[in-house]
Structures are given as C-alpha cells and as structure tokens.
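Asks: The structure follows.
The values are calculated or read from the model by the stated rules, or taken from the named source; none is laboratory data. Only a predicted model underlies this, so the values are computations on that prediction, with no experimental measurement involved. All Cβ positions, glycine included, derive from the backbone under ideal geometry; neighbour counts span all protein chains shown. Areas reflect the complete protein model, heavy atoms only, side chains present, ligands, DNA and RNA absent. Shrake-Rupley method; radii C 1.70, N 1.55, O 1.52, S 1.80 Å.
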Amino acid sequence: MTEMADRFEPQILGFLCNWCSYAGADLAGTSRTQYSPNIRIIRVMCSGRVDPTFVLLALKNGADGVLIAGCHPPSDCHYLTGNLKARRRYHLLLKLLDQLGIERQRVRLEWISASEGEKFARVVNEFTEQIRALGPNPLKAS
Amino acid sequence: MPEQPKVGVYLCHCGTNIAGVIDIKKLLAYVETLPNVAVARDYTYMCSDPGQQLIRKDIHEYKLNRVVVAACSPALHEPTFRKILQEEGVSPYFFEMANVREQDSWVHMKNPEEALEIAKDTVRMSVARTAKLEQLEPKQVKVGKRALIIGGGISGISASLDLANAGFTVHLVEKSPTIGGRMAQLDKTFPTMDCSSCILTPKMVSVSRHPNIKLYTYAEVKDVQGFIGNFKVKVLQKPKYVDEKKCTVCAECVKVCPVEVPDEFNANLSWRKAIYIPFPQAVPPSYVLDEENCLGLTPLACGKCKEACEPDAMNYDDAPKEIELDVDTIIVATGYDPYDPSSDQEYNYGFFQNVVTSLEMERMLNASGPTSGKVLRPSDLKEPQRVVYVQCVGSRNERTNLYCSRVCCMYAVKQARQLKEKHPEMEVRIFYIDIRAFGKGFEEFYEKAARDYGVLFTRGRVAEILEDPKNRNLVVRAEDTLLGSPLELETDLVVLSVGITPTVEADEIHKILKIPTGPDGFFSEAHPKLRPVDTVIDGVLIAGTAAGPKDIPDAVAQAKAAASGAVSLMAPGVYTVEPYYALVDDTICGGCGTCVLLCPYQAISMENKRAKINEALCKGCGVCASACPAGAIKPNHFTDEQVISQIEQAIAK
C-alpha cells in the first residue's frame with residue numbers, strides 16, 4: 001500500500017455559473033493549470049439557480065463537499081442580482097446545515113470570474129484540503 | 001409517453017489533447033455499459049466532417065434520439081453538434097456535451113488515472129441528463145437595423161462608417177467633446193510615416209456628415225437593458241454651454257477667458273482655457289465650456305465668453321441631457337489609456353523634469369503641437385543632444401502588466417527616426433528587451449532606422465534613472481545583456497515608451513453590459529480565434545484596443561470585422577435565441593408571489609392568483625425556480641429533474 005492510497009480523497013460537487021465560474025474553469029484548462037482531481041462539475045446558468053435542495057441532495061448522495069461559484073458581487077452578475085440571491089440563500093443554508101448536524105465547512109460559496117482560471121484551481125485545491133481535513137461526509141456511510 | 005432514450009456517445013480524441021491523457025479505450029468500454037447507450041464510438045476529431053458523419057449515420061442506423069459528445073467545452077462546440085442533430089431531424093436540445101478537455105485532460109495532465117475516472121463520471125452524468133432533456137423550440141426575436149457604437153476613436157469611426165454605408169442606423173457615443181480618439185494625438189504613423197491627422201480627419205468629417213450616423217459627443221452610456229434586437233440604452237450628454245450650430249469657431253471667447261488649465265490633448269505640455277476646442281480639426285467643430293474649471297456658472301462668476309461671442313452661441317443655462325436610444329446591436333470600442341508611469345519608482349517620472357512619456361514626445365514632434373514641432377527638454381527648453389528611449393514601460397513586467405503592448409517598439413523606432421531626420425547629429429538610443437517588429441513592413445522599417453538613420457539599439461532593461469541636480473541631465477543605469485556588462489550613460493532626455501492599458505470607462509461598460517474581461521482588464525472575445533469580435537453576450541461586439549493592445553491597422557481591421565458581425569446579426573431581421581426561459585405549472589403554483597419579488601427582469605406577474613412568466617422578458621437565470629416553495633417553476637434546459645439527474649450520478653460509484 002502506498003501512502004497515496006491511504007489518503008482520504010474527498011468527492012466534491014461544484015455548481016458553476018455558466019457565464020463566469022464555468023468559463024473560469026475552462027480558462028484553467030486552456031492555461032493548463034493543474035489542480036486536484038476531486039471535483040465534478042455541473043453547469044448552471046446562474047449561481048442563483050442553485051436550489052438549496054440540490055446541495056442537500058448532493059450531501060445525501062455522499063458528496064463530501066459542495067462548491068457553489070458565481071460572479072463577483074455586487075455587479076458582475078450576468079443576470080443583475082442572481083449572485084446576491086445565491087449569497088442570501090447560502091447563509092440560510094449554513095444555518096440549516098447546523099441544525100442538521102452537518103459541518104458548514106462542507107459547503108462553500110466562491111466568486112470566480114471568467115478571467116480567474118488560477119483562482120478556480122486554487123479554490124478547488126484549498127477546498128479539497130479543507131474537506132480532507134474534515135474527513136468523509138458522515139451521511140455517506142448510511 | 002416519453003420515448004425510450006437511445007443515446008449515442010462519441011468520445012473525441014482531440015488529436016492528443018484528450019487521448020494523450022485519458023485512456024479512450026477504457027473509457028469507451030465503460031461508456032458501453034451505461035444505461036440507454038445504444039452506440040458508443042471514438043474518433044480523432046469529432047468536430048471534423050468525418051466525425052460529424054459518424055453521428056449523422058448513427059442517428060439513422062440506431063434511431064438515436066439523444067447524443068452525447070465527450071470533447072471540449074460546450075462554449076466551443078455545442079452549437080456545432082446541435083446543428084447536426086437539427087439537420088438529421090432530432091431536436092438540437094437533445095444534445096449534451098461532456099467537457100473532458102478544458103475541465104479534465106488539460107487540468108489533470110500528470111494524473112491520467114484520475115483523469116479517466118473524471119471522464120467516466122462526466123460522461124455518466126451527461127448520459128443520465130439526456131434522459132431528462134425535453135424538446136424545445138428555439139425562440140426567434142426580431143432584429144432591426146440600429147447599432148450603438150461606444151467610443152469614437154479610429155475603431156468606432158471605422159465601424160460606424162461601414163455600418164452606415166451599408167444602410168444601417170448608427171448611434172455613435174463619444175465621452176470627450178470630439179471624436180478622433182488617441183489617433184488624433186499622434187503625429188506620424190509607422191511604418192508608412194503617414195501623417196496621422198491627414199488620414200484620420202477626413203474620416204471624422206465623413207462621420208459628422210453621414211445621414212445614417214447620429215453623433216453624441218461629450219456623452220456617456222449610463223445604462224443598457226434588454227437583449228439583441230431590443231437594447232434600451234440610456235446616454236447622458238454633458239452640457240457644452242455652447243450651441244454647436246451657432247458657434248463659428250472664431251476663438252473670441254478663448255481670448256477673453258481668464259482660466260488656464262493643462263491641455264490634455266497636448267499631454268499636459270501646454271495650457272488651454274476653460275472654454276476650448278480640443279484641437280482645430282475637432283468634430284463637431286465647436287467650443288466647449290469645461291464646467292469644472294470655469295470660474296462659476298451658477299451663480300455666474302465671470303461671463304466674459306458670452307460678452308465676446310458675436311454669434312450668441314453661449315448658453316449658460318445648458319443642462320445635462322438624458323437620451324434614450326433603442327438599438328439592435330452594440331459595438332464596444334472604448335479604446336485605451338496610455339500607461340501612467342508615475343508609480344514606477346526607478347524612472348522617477350514626475351520627479352525628474354527631463355523624463356517624459358512617448359505621448360509627450362509625440363505631441364512635441366507634431367508641427368501643430370505645444371512646441372510647434374521642436375523637441376525640447378522640459379527643464380530648460382533647450383534641444384537635447386542625447387535622447388534615450390526606455391522600452392516596455394508598463395508592459396512585459398510582473399510588477400505592472402505582463403502583456404506586450406504591441407505598439408511601443410514600432411512607435412519608439414518611428415520617433416527615433418523622426419528625431420534623426422530633424423537632427424542627424426543627435427544621439428538616439430533605444431534600450432529594449434526585444435524589438436518586436438512583427439507587422440507588414442515593420443522589420444524593414446526597424447532595420448532602416450539602425451542602418452540608414454543611425455539609431456542606436458542596446459539590449460537591456462533600464463534599472464534606474466538618476467538626475468544631476470545642477471544641469472538636470474540624466475544618468476541611465478542598465479545592463480547591456482548582449483555584452484553581459486553593466487552600463488551607465490549620461491543623457492539629456494529620457495523617453496518612456498509607455499504601454500496600452502484599458503480605460504477607466506471600460507470598467508463601467510463591463511459592469512453595464514456584463515462583458516467578461518480578461519485578467520489584464522481588456523474585454524474578452526467569445527473565442528480568441530474563431531469569434532474574435534463577438535462577446536458571450538448576443539448582439540454585443542468589441543473592436544479596437546478595448547479588446548487588447550493593437551496598432552491602427554489591426555484596430556481598423558477589427559472594427560470592420562465587428563461592423564460585418566453586426567451586419568450579419570441585423571440583416572436577416574430575426575435572430576434565434578436559446579429557449580432558456582422558465583415556465584410555471586399553474587396546477588402546482590400556490591400563488592405566493594415569491595418569484596415575482598425575486599425576478600430581476602420583472603418578467604413574472606400574478607394572473608388569477610397564479611404566477612405567469614413573460615417569455616420575452618425572461619432570460620432564464622432560474623432564480624425563481626430555486627426559490628419556488630411548490631417547485632412549480634421549470635427553467636427550460638435546467639429543470640430540477642435535469643440537474644438532479646446529474647447530482648445523482650456525480651457521486652455514484
């Protein structure tokens with residue numbers, strides 16, 4: 001057994017806004033910026049489209065972490081204010097996670113623009129390490 | 001009854017871009033085991049004609065009703081593959097792209113095993129999603145023949161004339177009192193040595209006389225709402241306090257105006273009055289009263305210009321005008337600002353009088369400039385005998401801007417040649433990193449400067465400039481990187497070859513129009529090679545230096561490309577947009593009205609205690625759907641079922 005195989009590899013699901021963060025993730029690709037292979041990506045039109053139940057469902061299905069990424073507030077949002085609504089929901093969702101006994105560090109909201117390929121890679125790396133330190137999602141076993 | 005999905009999955013090698021990292025054979029074997037997959041194939045280039053033929057043949061042979069292509073980002077080739085489906089009689093919205101290049105093989109190049117796992121997951125998610133896709137009808141919007149062009153520099157002027165000549169209505173908005181932009185400030189242009197204003201000013205006049213062009217100078221775009229074919233634009237025009245129609249440009253007002261301020265047009269090397277014309281060939285040809293520097297208009301403090309004005313063109317009661325425009329397409333040509341070297345400590349620009357920028361030199365070289373074409377040291381107004389150019393100021397430097405500004409090498413060579421033409425005995429030396437003479441006729445132009453004009457070239461970046469306080473002479477310290485030795489050189493004048501930076505106003509336009517910008521602040525094109533003047537916003541195009549540093553021929557070429565892009569959007573009269581609007585199931589809607597409050601476009605109203613979405617206003621963000629407590633709202637192509645199908649497959653093992 002190598003050291004690598006022993007290590008806990010978190011499974012992360014990312015909801016990325018089509019206009020900024022998804023394009024930022026594409027830019028990380030065109031720039032050949034290498035990052036942790038722990039994220040799977042779902043493209044949405046706006047971070048405001050991310051229904052809190054999507055996040056809960058991902059956690060229920062065993063995701064160790066969920067990333068929501070959208071356009072920089074206040075005014076970069078392609079749909080004027082979708083990012084602000086995403087932020088509002090995110091903070092309410094954190095309270096709900098507390099009540100459910102799920103660590104709030106498992107859900108992360110980030111602003112990543114189409115020009116921030118490097119930031120996307122950095123966020124994925126940081127978040128992966130954060131979740132690795134936290135350990136597997138307790139819901140996963142059940 | 002929904003038909004049983006029959007999915008065709010196509011794995012693209014993209015040459016070695018994908019296949020060089022991901023084991024396609026293993027991926028193919030895995031994909032074949034997925035539910036609903038009727039056929040799976042791989043091919044070197046799926047987007048090529050033979051690749052497309054594979055899909056076309058299979059659609060008929062296997063009666064496919066869903067197609068997944070695992071290749072590049074949907075931003076690149078989703079439209080290509082959707083078209084295949086449409087042409088073969090399958091709804092184009094039954095297509096799904098699995099992004100295994102930008103978001104997989106290119107970011108996990110050293111980790112092929114994990115890259116394969118990601119590819120498996122991504123394709124599995126896509127296949128699952130296709131089962132939930134729905135038939136949609138593309139939405140058609142009417143597009144008229146009116147364009148807004150933001151910025152009246154050479155790019156905006158060129159695009160305006162092309163569109164106007166083709167019969168389209170152009171609204172040209174320029175923030176300063178005249179059109180002409182940066183090009184109007186230049187003396188001669190490389191490599192042909194054309195006089196800049198001789199080739200520019202006739203175009204400016206054509207703009208002002210063209211029946212299809214409506215010109216708004218001293219005006220700024222404040223707000224844009226709507227979409228292609230239906231943009232509603234708010235323009236704020238500042239008061240000029242001079243009636244353009246009455247003003248005869250006699251200059252009597254200038255003679256009596258008591259206020260002097262630095263003249264921006266002359267790079268602050270001379271003075272202008274508070275009432276002024278930016279330059280003699282300005283369009284529109286009229287004076288403008290700069291209210292910030294006027295002694296006072298309310299209450300009137302001076303009033304001398306009105307007394308002096310014979311045609312009675314002064315109007316102190318002029319006020320800002322808000323103009324509303326309806327346009328179909330928009331071209332953004334906001335241009336550039338020269339890099340400000342004040343914060344680069346090593347050059348002491350602003351502290352040492354004899355350190356000037358290339359734009360200041362350009363104005364000095366101009367016969368109608370502040371020195372009537374004489375090159376003078378600011379400290380003593382004597383003609384310098386020795387001039388040093390410092391290249392890449394604000395370019396190719398980690399501390400300032402990483403990018404190359406593309407014009408500085410050639411304008412420095414051009415100015416050096418002009419200096420040598422006027423003063424053959426002058427010692428002119430250019431410190432460079434490399435000379436980038438990449439354009440047509442550029443290399444010849446550069447070689448001639450060295451060979452025939454005797455311009456000296458030293459390879460090395462200038463590290464420091466020092467000043468002798470007695471005579472204000474300068475000492476330049478650098479490393480000659482060809483000789484590998486340090487160098488110290490006394491000179492009379494240093495010219496900083498400053499680069500190109502995005503304008504402050506471009507940031508406002510970025511916020512108003514939501515055009516993405518790159519890390520350097522220039523507007524991003526929809527695709528750097530194939531769609532160089534389009535943006536990701538339908539109906540919004542970019543041209544000139546707003547999209548990145550370029551010289552005049554490139555800016556004009558891009559402006560003409562943007563004009564042609566706008567024509568191809570407007571000429572057909574209709575434009576097809578994605579049917580990504582949201583629908584309300586009024587059998588589920590409880591009429592709570594949450595969505596009405598959330599919609600950023602006021603697209604939702606209450607009718608008979610049920611929410612109703614106006615498809616034309618809805619842009620499909622889906623904010624309403626994720627807030628609806630009853631789950632009654634369905635945003636097309638991003639429905640709950642579709643997203644959930646992906647979530648469920650993302651983690652499954």
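Asks: So how tilted is helix B:154-165 from the main axis of chain B? Cα-based, degrees 0 to 90, rounded to 10.
Replies: Rounded to the nearest ten degrees, it is 60.
Asks: What lysines sit close enough to B:LYS448 to cross-link, taking a C-alpha to C-alpha distance under 22 Å and skipping anything fewer than 8 places away on the same chain?
Replies: Straight-line reach from B:LYS448, under 22 Å: B:LYS188, B:LYS414, B:LYS420, B:LYS422, B:LYS440.
Asks: Normalised by the number of residues in segment B:597-653, what is the relative contact order in percent for Cα pairs under 8 Å and 6+ residues apart?
Replies: 22
Asks: Another question, then. In square angstrom and rounded to 100, what buried accessible area do you get between chains B and A, total over both, with the probe at 1.4 Å?
Replies: Answer for the B-A pair: about 4200 Å² buried.
Asks: If you don't mind, there's one more thing I want to ask. Any idea how far the Cα center of segment B:552-582 sits from the one of segment B:616-653, in Å?
Replies: A separation of 31 Å, based on Cα centres.
Asks: Segment B:244-281: which trypsin sites (Lys or Arg not before Pro) are DSSP loop and have at most 13 other beta-carbon atoms within 10 angstrom?
Replies: Here the trypsin sites (Lys or Arg not before Pro) that fit, given the DSSP loop and packing criteria, are B:LYS245.
Asks: When the accessible area of each residue in segment B:632-653 is compared between its chain alone and the complete protein assembly (1.4 Å probe; ligands, DNA and RNA ignored), which residues differ by at least 50 Å², being lower in the assembly?
Replies: Residues losing area: B:PHE638, B:VAL643, B:ILE647, B:ILE651.
Asks: At a Cα cut-off below 14 Å, give the aspartates and glutamates reachable from B:LYS273, other chains included and same-chain residues fewer than 8 away excluded.
Replies: List returned: B:GLU252, B:GLU260, B:ASP263, B:GLU264, B:ASP290, B:GLU291, B:GLU292.
Asks: On to the next question. With a 1.4 Å probe on protein heavy atoms only, tell me which residues of segment B:70-107 lose at least 30 Å² of accessible surface in the complex relative to the chain by itself.
Replies: Residues passing the criterion (a loss of at least 30 Å², heavy atoms only) are B:PRO74, B:GLU102, B:GLN103, B:TRP106, B:VAL107.
Asks: Compute the acute angle (0 to 90°) between the alpha-carbon long axis of helix B:112-132 and the principal axis of greatest extent of the alpha-carbon atoms of chain B; round to the nearest 10°.
Replies: The angle comes out at about 70 degrees.
Asks: Sort B:LYS634, B:LYS470 by accessible area with a 1.4 Å probe, largest first.
Replies: I get B:LYS470, B:LYS634, largest accessible area first.
Asks: Just from its helices, what would the mean residue ellipticity at 222 nm be for chain B, if runs of 4 or more DSSP H residues each count -39500 (n - 2.57) and the sum is divided by every residue, rounded to the nearest 500 deg cm²/dmol? Walk me through the numbers on the way to the answer.
Replies: Details: 16 runs with 176 residues, N = 653.
For chain B, the value works out to -8000 deg cm²/dmol.
Asks: May I ask you to find the residues of segment B:568-602 that are shielded by at least 40 Å² of accessible area once the whole protein assembly is considered instead of their isolated chain (probe 1.4 Å)?
Replies: Buried by the other chains: B:LEU598, B:PRO600, B:TYR601.
Asks: May I pose another question? At 7 Å along the Cα-to-beta-carbon direction for both B:GLU264 and B:HIS527, put a label point, then send me their distance in nm to one decimal.
Replies: 3.9
Asks: Which value, in Å² rounded to 10, gives the accessible area of B:ASP263 with a 1.4 Å probe and all protein chains present?
Replies: Counting only protein heavy atoms, B:ASP263 exposes about 20 Å² to solvent.
Asks: Of A:LYS60/B:LYS619; B:LYS240/B:LYS306; B:LYS175/B:LYS232; B:LYS175/B:LYS321, which ones are farther than 21 Å apart at the Cα?
Replies: In this structure, A:LYS60/B:LYS619 lie more than 21 Å apart at Cα.
Asks: Quick one: grab the alpha carbon gyration tensor of chain B, order the square roots of its eigenvalues as a ≥ b ≥ c, and give me rounded if a/c is under 1.5, else prolate or oblate depending on whether a/b is larger than b/c.
Replies: Verdict is oblate for chain B.
Asks: Normalised by the residues of segment A:11-127, what does the relative contact order come to in percent, with Cα pairs under 8 Å and at least six apart?
Replies: 40
Asks: In whole angstrom, note down how far apart the Cα centers of segment B:419-457 and segment A:44-92 are.
Replies: Their Cα centres are 56 Å away from one another.
Asks: Using the Cα centre as the reference, give the magnitude of the dipole from point charges on the C-beta atoms of chain B (Lys, Arg: +1; Asp, Glu: -1; all else neutral), rounded to the nearest 20 debye. Display every interim value, and only then the final one.
Replies: On the way: 73 positive and 85 negative charges, 205 e Å.
Once rounded to the nearest 20, the dipole reads 980 debye.
Asks: Still on this structure: In chain B, if the dipole is taken from +1 on Lys/Arg beta carbons and -1 on Asp/Glu beta carbons about the Cα centre, which of B:VAL68, B:TYR316, B:LEU419 is farthest to the positive end?
Replies: B:VAL68
Asks: With the full set of protein chains in place, find how many percent of the accessible area of the protein assembly as shown is carbon and sulfur; take the probe as 1.4 Å.
Replies: Using a 1.4 Å probe with all protein chains present, the protein assembly as shown comes out at 52 percent carbon and sulfur.
Asks: What whole-number value in Å² describes the accessible area per residue of chain A for a 1.4 Å probe?
Replies: Working: 5660 Å² over 142 residues.
With the other protein chains kept in place, chain A gives 40 Å² per residue.
Asks: If you don't mind, there's one more thing I want to ask. I'd like to check one number: the per residue accessible area of chain B, probe 1.4 Å, reported in Å² as a whole number.
Replies: Result: 43 Å² of accessible area for each residue.
Asks: In deg cm²/dmol and to the nearest 500, what is the mean residue ellipticity at 222 nm of chain A if only DSSP H runs of at least 4 residues count, each as -39500 (n - 2.57), divided by the residue total?
Replies: The helix contribution divided over chain A gives -13000 deg cm²/dmol.
Asks: Taking the Cα centre of segment A:11-127 as the origin, how large is its charge dipole in debye, to the nearest 20, when only Lys and Arg (+1) and Asp and Glu (-1) carry charge on their Cβ atoms?
Replies: 280
Asks: Assuming a strict under-27 Å limit between Cα atoms, what lysine pair count do you get for segment B:1-134 once near-sequence pairs (fewer than 8 apart, same chain) are dropped?
Replies: 26
Asks: Follow-up. Just want to confirm a number: the relative contact order over chain B, from Cα pairs under 8 angstrom separated by 6+ residues, in percent. Intermediate values should be presented prior to the final figure.
Replies: Values: 1348 pairs, mean separation 84.9, N = 653.
That works out to 13 percent.
Asks: To continue, here is another question. For a quick check of your reading of the filter: which trypsin sites (Lys or Arg not before Pro) in segment B:549-618 sit in a DSSP loop and have no more than 11 other Cβ atoms within 10 Å?
Replies: Passing both the DSSP loop test and the Cβ count: B:LYS609.
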